[in-house]
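Each reported figure results from applying straightforward, stated rules to the coordinates on display, with no laboratory input. A quick note: this is a predicted structure, and the numbers were derived from the prediction, not measured. Cβ placement follows ideal geometry from the backbone for every residue including glycine, while neighbour counts extend to all protein chains displayed.
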There are 4 protein chains.
Amino acid sequence: MAKKPLNIGMVGYGFMGRAHSNAYRRVGNFFDLDYQPVLKAACGRNKDGVKAFADMWGYESIETDWKDLVKRDDIDAIDICVPNDLHVDIATAAAKAGKMVLCEKPIARDTREGEKMVKAVEKAGVANMVWYNYRWVPAVTLIKQIVDSGRLGRIFHYRANFLQDWTISPDVPQGGAGTWRLDVEAAGSGVTGDLLAHCIDTAMWINGPIKNLTAMTETFVKKRKDAGSGKVKDVGIDDAAAVMAHFDNGSLGLFESTRYARGHKALYTLEINGEHGSFKWDLHDLNRVEWFDHSVEGQLRGWTSILVTDGEHPYLGKWWVPGLTLGYEHSFVHAVADFLEGLATGKPVSPTFREALETTKVCDAIIKSGKSGRWLDVK
Amino acid sequence: MAKKPLNIGMVGYGFMGRAHSNAYRRVGNFFDLDYQPVLKAACGRNKDGVKAFADMWGYESIETDWKDLVKRDDIDAIDICVPNDLHVDIATAAAKAGKMVLCEKPIARDTREGEKMVKAVEKAGVANMVWYNYRWVPAVTLIKQIVDSGRLGRIFHYRANFLQDWTISPDVPQGGAGTWRLDVEAAGSGVTGDLLAHCIDTAMWINGPIKNLTAMTETFVKKRKDAGSGKVKDVGIDDAAAVMAHFDNGSLGLFESTRYARGHKALYTLEINGEHGSFKWDLHDLNRVEWFDHSVEGQLRGWTSILVTDGEHPYLGKWWVPGLTLGYEHSFVHAVADFLEGLATGKPVSPTFREALETTKVCDAIIKSGKSGRWLDVK
Amino acid sequence: MAKKPLNIGMVGYGFMGRAHSNAYRRVGNFFDLDYQPVLKAACGRNKDGVKAFADMWGYESIETDWKDLVKRDDIDAIDICVPNDLHVDIATAAAKAGKMVLCEKPIARDTREGEKMVKAVEKAGVANMVWYNYRWVPAVTLIKQIVDSGRLGRIFHYRANFLQDWTISPDVPQGGAGTWRLDVEAAGSGVTGDLLAHCIDTAMWINGPIKNLTAMTETFVKKRKDAGSGKVKDVGIDDAAAVMAHFDNGSLGLFESTRYARGHKALYTLEINGEHGSFKWDLHDLNRVEWFDHSVEGQLRGWTSILVTDGEHPYLGKWWVPGLTLGYEHSFVHAVADFLEGLATGKPVSPTFREALETTKVCDAIIKSGKSGRWLDVK
Amino acid sequence: MAKKPLNIGMVGYGFMGRAHSNAYRRVGNFFDLDYQPVLKAACGRNKDGVKAFADMWGYESIETDWKDLVKRDDIDAIDICVPNDLHVDIATAAAKAGKMVLCEKPIARDTREGEKMVKAVEKAGVANMVWYNYRWVPAVTLIKQIVDSGRLGRIFHYRANFLQDWTISPDVPQGGAGTWRLDVEAAGSGVTGDLLAHCIDTAMWINGPIKNLTAMTETFVKKRKDAGSGKVKDVGIDDAAAVMAHFDNGSLGLFESTRYARGHKALYTLEINGEHGSFKWDLHDLNRVEWFDHSVEGQLRGWTSILVTDGEHPYLGKWWVPGLTLGYEHSFVHAVADFLEGLATGKPVSPTFREALETTKVCDAIIKSGKSGRWLDVK
């Protein structure tokens, strides 16, 4: 049976533009789905830049203004891979034009912008998704499945960290292509929206809603040069953030993120402790899950390192053979596979804009509590 | 040259009584010191119990009332290994009687009691020490030495956890021999004084004073049977605690402790992140330090797992040969060695009562903030 | 500049057919090269099977007889992904027809067949390569580069294992699509050609030629059903093999492979010990290298775990950002990139057929010594 | 009940003299046994040296000639901690004098000497033991117990390594106090008797007798200065050895030892692969066992890291609490505990001289095969 094309209009061609394009191109080689993404158009303000990108990835055409892209009849879905400050305008316009919208995380700079986006896609009735890609790392999906089965019993603790070290030097600028994440205008926040948002999304997916929290935020380097103007400006983002929280289920949450943890590149770790068992996971060794099963007889009890490469593990039956590992980029392929599956079945893939907005509410509370030092309800 | 005897009067004969006795007996076989501990007397309320203990360890005599022990002329030093509520009375009486005092940690149930103890030993002018034994794990001592050398540059983060899982069952009682740590009257607090106190002590030893903090505490099991009376009583201790803090040096602290982390037995982990390097350590693999040296050329940079068993590592020259590891109990042997060295040199070993009191001030702030939800200065 | 197409004719559509196809399709998205592989034709005896494969991967056409494929004018290169017994005929015919030949490892069932293939491609003067893909795992490439720099000094030891557990059950058949590796007619040997061949190839690449060896081989399950006929037949392959060897440089080699090591899926590990340093690597954690640098000052010396994901690591500048890992399949992408680079520069990529034949000579000696129990020179 | 004294006469006061003395002194503090070792006399040729040792460890007296020690009526057991060439004379004389004999491993330089020793102790009917101390590491004991239970099913593979790096420098002398292990006259062999002997002993204890083997041995540094005379002499020991073997039970053995594996200090690792499960262990992390249980449901199957510190683990109930680790020296304490238990019950502890002789037979075959390159039966 011939596959239905899904014509993609990509906005942005940086790191995330590449990760998503790769996912669109690969999904059909491994997953047998009704829909086949077609790389219809890539859009970016710099014509040479977007042209080179389009050539490298096989996009059929280019645009230099997202407003033109959104108007095109031959585009089914808009994928937003540009800095956070542009999400709201592009997403609402795309929805209005009847396009599906896939948006990089976080959904927007803050809850207010995110709410507009939720309204827009829901009013338009278009499929939508936010790319919290770590949900689709098979090891993380496995944890979600086992926790959902109830096997861990009552949950006591959930903790997660996302540690990096790339902004320790005061010579790293803010703003600009690779460093807009340091500019509060473009990003909305620092590590909170960029890194903690992943931790929060996974946490609430696995362990349910967060009720309230208190946060500590810090800006270690107070002034940085602007990559565009070259002027030294105050740094408005949070360089580091820690959060203590209560989940609705009575368990305690502890989160930390920083770009000043020398030696850690992208160390996203999570752990959940339940009455009958615990899980740990770590992005640097993403094919492994650590699992403690308290029901095992005493002498042989311990932490089991599961190499998540068997055919019965989530998504793995589509890839290679046991023992052969996947990498970072496969999480995006799985996201696309599930999105396309959702189109076919009518059961939308998670997280939708509405679901992803919950994470941004938590992030807003983190930033606010980081200033006031007070416990805040998340709502 | 003949060694000077140091006559020990031990109060208590539980887990810590054994760990300390072992240290006294072994130190002279490995460390060549001016003083030699002599196990003069063991004291405990249960005569049969203390007799059996004395026989096992070679104590020359027994007492059943610590007041009698403190009066004896043939005792040089009183070692306090009983529940926290007894520390203040024994320590002040011992000091008054002119005895040196070695006290298990935490110094007392709270700052107020601890202050009395500090005054007592300082007024009496007797040698004193609190057994924060993890300082004497060679791997931890090594971290302290390198951090003190300034090699890490500006410090950004310090984080530590102490995770256990032995009180998850609601059938564990409070009070009694093995479970007084669950009884707030005996212990003063729960994980804060028992476990976090270790994390705080090491943290301030390595990274300097804590300025302020905010804490989250939780009691998961609200009622437990009293081991003595058999009656069900409210649980007054903190089952779990998390802390966010600022150090005086501008770095951020994050601490967590619980007895509800299924799978972890005594998982004390610590990490410090500086501008030029980072260290990690973990009590379950106590002979190892993880070290990241940013100055190494790029391609070969990474986390180095140092097996702390070489002759040039702290304390290791006294033991076996490279590759052969030490265990938990060796930390106590090193503590005694340093205490005796301090007697010989007149340079008192750290932590003294006064130094250990600082940790209890932090613990008091944790408990208080856990109730109010507010940031508190430590003073 | 437009890229030159390289029209691929793929023979076989099993596991390796997929791995290679994936490499051809992806290389141009990440590596900017003069040549662009084009998936021109896929060939297999089962028409429905090869049709489904061609649809999944975007091959433009199919063939059911490799002789027809070899004759086609629109094919530049033949890629051989079928059982080992077919390598010699296809490769020699392809070379004769002037096609480049890329052949799965081992080059053939034995040295005699391999020699024919070497002669054929050299006589035809066509580009050729054998897919010893683990050379292109960036961590392994890094080891090769550092060893070549001389930094390790005199080499004393090289050891490697390749451990699996998938044939422990006597119910696994021999012959057939997924199990031809157990049929000595199709495979030529068991673990020796399938797994040890990888270890030997990497070893000689990094540490130079093997001079002589003695081997122990074993067939644990003596009879298995034939997947085709259903008849029980003697098993002719080696289920396990161990090898002791001398390298030309005076170092000692120790190798082991088995499919009966319960718990190991594809555990290819290697280690090299030199005077000044050592390396270890493990396929299950393929993004890491363990490195011991004896020149580091004593107290901080240890094994460094290098996460090979930085831009300066081999091939990594083409992928994501530090901390984000690659998987098994990327090794094939790098192989294609280097093959295409070799076409452009005229400097053939290694291992050519001639180079890969050296590994098969060692494998033949292993099988022979496994029978005689004698030391054999490799020649 | 008063304990029966067991008066120890220690011959030698080097590294092993310290390890054994420590075991004698500590055993009674942790194990409640009928017998109590008494450190009666220490013997060594250097009077000042042995005096200092005796003072440090509390030996009641000293001797400078082992013949005088053996004659003394107040000695029950002779412990031999001197170089291997002295074992046979001391052990036979001690047995003749009716003393129990505890001898460091290997039992002797070769089988011939060992046989004399076996005859001597059996003729005299005295208790005897060889200190293959790694049997008493609780993690190793646990492996033995589970394998004995049959839980692993048919065994396919046993492999063990003992890797060090302390003799890489050609400046290390042979002969003398710390370096007699490099002198073939004193030691009998190099790594084979010193290190491989441990691997072989554990292997046969866990996996049964070795039937035949072939070995590769190497001397990397051919000449070294004699520590005594200062003259450069040929090196007669094996610097490195590898062994391939068949066990009686049909499984394959692979062993390697060297003192030229840069970065490894005392890396004794072992692994056993059975039909239903596998174990791994490593001396550098001696409190852990890695266990693979194939019977676990597929998705959650993996290698379990067991922290062997629970009360139900072998010997652990006598020590601290879960999570708190033991070190190298504890293996000797357990050996003494079992030896004393054997005296009380009349069931001799293993390995006796007779049992330990089997390991030396294997070692002799290794040395012999290392020269001839032939497979040899062990007999």
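For segment A:192-223, the set of trypsin sites (Lys or Arg not before Pro) satisfying both a DSSP loop assignment and a count of at most 15 other C-beta atoms within 10 Å is given as A:Lys222.
May I ask for the net charge around B:Leu142, where only other residues with Cβ less than 13 Å from the Cβ of B:Leu142 are counted and Lys, Arg are +1 while Asp, Glu are -1?
Numbers: positive: B:Arg135, B:Lys144, B:Arg151, B:Lys280, B:Arg288, C:Arg301; negative: B:Asp148, B:Glu290, B:Asp310, B:Glu312, C:Glu297.
So the surrounding residues net to +1.
Dividing the convex hull volume of the alpha-carbon atoms in segment B:1-59 by its residue count gives 71 Å³ per residue. Calculate I(q)/I(0) for segment C:190-289 by the Debye formula, one identical point scatterer on each C-alpha and no solvent, and give its log10 at q = 0.18, 0.24 Å⁻¹ to two decimals. The Cα Debye sum returns log10 ratios of -0.93, -1.34.
Rounded to whole numbers, the Karplus 3J(HN,Hα) couplings from phi for segment D:214-225 are 9, 9, 10, 10, 8, 10, 6, 9, 7, 9, 9, 5 Hz, using 6.51 cos²θ - 1.76 cosθ + 1.60 with θ = phi - 60°, and x at Gly and Pro.
Our summary gives segment C:297-373 a relative contact order of 14 percent, counting only alpha carbon pairs under 8 angstrom and 6 or more residues apart. A simple count of charges around B:Asp171, restricted to other residues whose Cβ falls under 9 Å of its Cβ and scoring Lys, Arg +1 and Asp, Glu -1, yields +2.
Placing a label point 7 Å from Cα along the Cα-to-Cβ axis, B:Arg374 is separated from the same position in the other copies by 1.3, 9.0, 9.1 nm, shortest listed first.
Values of log10 I(q)/I(0) for segment C:1-105 across q = 0.14 Å⁻¹ run -0.48, by the Debye formula with one identical scatterer at each alpha carbon and no solvent. The residue in chain D that lies nearest, by its beta carbon, to the axis linking chain D with chain B is given here with the distance in whole angstrom as D:Gly327, 2. Taking other C-beta atoms within 10 angstrom as a stand-in for reagent exposure, C:His198, A:His87 fall in the order C:His198, A:His87, fewest first. Backbone amide hydrogens, once placed in the peptide plane, bring C:Glu63 within less than 5 Å of C:Ala42, C:Cys43, C:Gly44, excluding anything fewer than 5 places away on its chain.
Please average, across the residues of D:295-302, the number of beta carbons from any other chain that are within 10 Å of each residue's own beta carbon, and give a whole number.
6
Across all Cα pairs in chain A, the calculated P(r) in 10 Å bins from zero up to the longest distance comes to 5, 23, 32, 27, 11, 2, 0 percent per bin. Listed peptides A:256-269, A:172-185 appear in the order A:256-269, A:172-185 once ranked by packing, highest mean of other Cβ atoms within 10 Å at the front.
From the P(r) of segment C:137-212, can you give the percent of Cα pairs sitting at distances over 19 Å?
In whole percent, the share of Cα-Cα pairs in segment C:137-212 beyond 19 Å is 50.
A DSSP coil position with no more than 13 other Cβ atoms inside 10 Å describes none of the GluC sites (Glu not before Pro) in segment D:89-127.
Averaging sequence separations of C-alpha pairs under 8 Å and six or more residues apart, then dividing by the length of segment A:206-340, give the relative contact order as a whole percent.
Answer for segment A:206-340 is 13 percent.
Cβ-to-Cβ counts within 10 Å put A:Asp171, D:Asp32, A:Asp165 in ascending order as A:Asp171, D:Asp32, A:Asp165, the fewest first.
Sorted shortest first, the distances from the B:Gly98 label point to those of the same residue in the other copies are 5.4, 10.0, 11.0 nm; each point sits 7 Å from Cα along Cα-to-Cβ.
Counted over all Cα-Cα pairs of segment A:92-177, pairs farther apart than 15 Å make up 75 percent. With both residues required to sit in chain A, DSSP beta bridges show an antiparallel share near 60%.
Exposure proxy shown here: for A:Phe53, D:Phe162, the number of other Cβ atoms within 10 Å sets the order, fewest to most, as A:Phe53, D:Phe162. Residues whose amide H lies under 5 Å from that of C:Lys211, counting only those 5 or more places away or on a different chain, are C:His246, C:Phe247, C:Asp248; hydrogens are built 1.01 Å from N in the peptide plane. Over all other residues within a Cβ to Cβ distance under 10 Å of A:Ala42, the charged ones net out to -2, with Lys and Arg as +1 and Asp and Glu as -1. For A:Phe156, nonlocal amide neighbours, meaning residues 5 or more places apart or on other chains whose placed amide H falls under 5 Å from its own, are A:Asn273, A:Gly274, A:Glu275. Sorted shortest first, the separations between the B:Lys222 label point and its copies elsewhere in the assembly read 4.7, 7.0, 8.3 nm; each point sits 7 Å from Cα along the Cα-to-Cβ line. Mean per-residue shielding of peptide B:243-253 is 3, counting Cβ atoms of other chains within 10 Å of each Cβ. So, in Å, what gap is there between the alpha-carbon centers of segment A:200-220 and segment D:31-72? Taking the Cα centre of each part, segment A:200-220 and segment D:31-72 sit 64 Å apart. Kirkwood analysis of the protein assembly as shown, using all unique Cα-Cα pairs, places the hydrodynamic radius at 35.0 Å.
For the peptides B:38-51, B:280-293, the ranking by packing is B:280-293, B:38-51, with the highest mean count of neighbouring Cβ atoms within 10 Å listed first.
Across segment C:151-160, coupling constants 3J(HN,Hα) worked out from phi with the 6.51/-1.76/1.60 Karplus curve, θ = phi - 60°, read 4, 7, x, 4, 9, 9, 9, 9, 9, 8 Hz, and Gly and Pro carry x.
Which whole-number percent is the relative contact order of chain D (Cα, under 8 Å, 6+ apart)? Averaging sequence separation for qualifying contacts and normalising by length gives 20 percent for chain D.
Per residue of chain A, the DSSP helices (runs of n ≥ 4 H) give a summed -39500 (n - 2.57) that works out to -9500 deg cm²/dmol at 222 nm.
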